[in-house]
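The values are calculated or read from the model by the stated rules, or taken from the named source; none is laboratory data. A quick note: this is a predicted structure, and the numbers were derived from the prediction, not measured. Heads up, the Cβs are rebuilt from the backbone with ideal geometry, glycines too, and the neighbour counts pull from every protein chain shown. SASA here: full protein model, heavy atoms, side chains in, ligands and nucleic acids out. Shrake-Rupley method; radii C 1.70, N 1.55, O 1.52, S 1.80 Å.
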Amino acid sequence: DDLGAYFMFADEKRPEVVEANPGEAVGTIAKKIGELWSKLSPEEKGNFQSKAKEEKERVALETEALREAGLLIEDSTAGSGGAQGGFVLPVARVRKIVKLDPEVKGLSKEGIQLITKASELFVAALGTSSVQVATLQNRRKIVPDDILQVCETKPNFMFLQEDVRNLIDEQKEEHKSKEKAKEEAKSKANSEANSGVKPLTSFFAPSSATSNAAD
């Protein structure tokens, strides 16, 4: 499986290429990985082809096990018309995202429709696989680690695992920062409130005016 072999090679080489080319666009990184792949000898490509074959067989066994257990969720989007115009994702928004890539100079109507439909099918497949992972762990709710597990174990999604892992780490750090800010704000509020509170006995202590009158 040349495609699976390439994805496994790309997944292995991508961090190295990204580090050597900081700030480069996704398309540029993919192009450089493709150049590295084309320079491999038949023997080197054969090693990745063997790995891809083993991975494909493992996924096939897992899929069959899920089907036999009644846990396989079939894709119900195939052949459906979807939302208006046959798309679920907003085509205009997809066009804007695609144009963020400086390498994209022009985009036909047919081209953006193809990208939109391919994105929908890809997201549906990723979601289905993530649901399967959650189901195997007796959960009805998908968590980020489910998506990461899919990207780490299934060849078609492996090119995403580094990005998904980084996104999860960023979300965790953001959550920690928000929790820390909440605790600091709560502590500050309590401190300000306590600074103006008098002890209960102070209300029963005689004032200086009262003491002078008694004298």
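Distance from the Cα centroid of segment 149-179 to that of segment 118-142 is 15 Å (rounded to whole angstrom). Extending 7 Å from the Cα toward the beta-carbon at both Leu61 and Glu173 defines two label points whose distance is 3.9 nm. Which of the lysines could a cross-linker span from Lys180 if the Cα-Cα distance has to be under 20 Å and same-chain partners fewer than 8 positions apart are dropped? Filter leaves Lys172, Lys188. Computed over protein heavy atoms with a 1.4 Å probe, the carbon and sulfur contribution to the accessible area of segment 18-71 reaches 54%. The modelled label-to-label distance for the pair Glu35/Val104, using points 7 Å beyond Cα in the direction of Cβ, is 2.3 nm.
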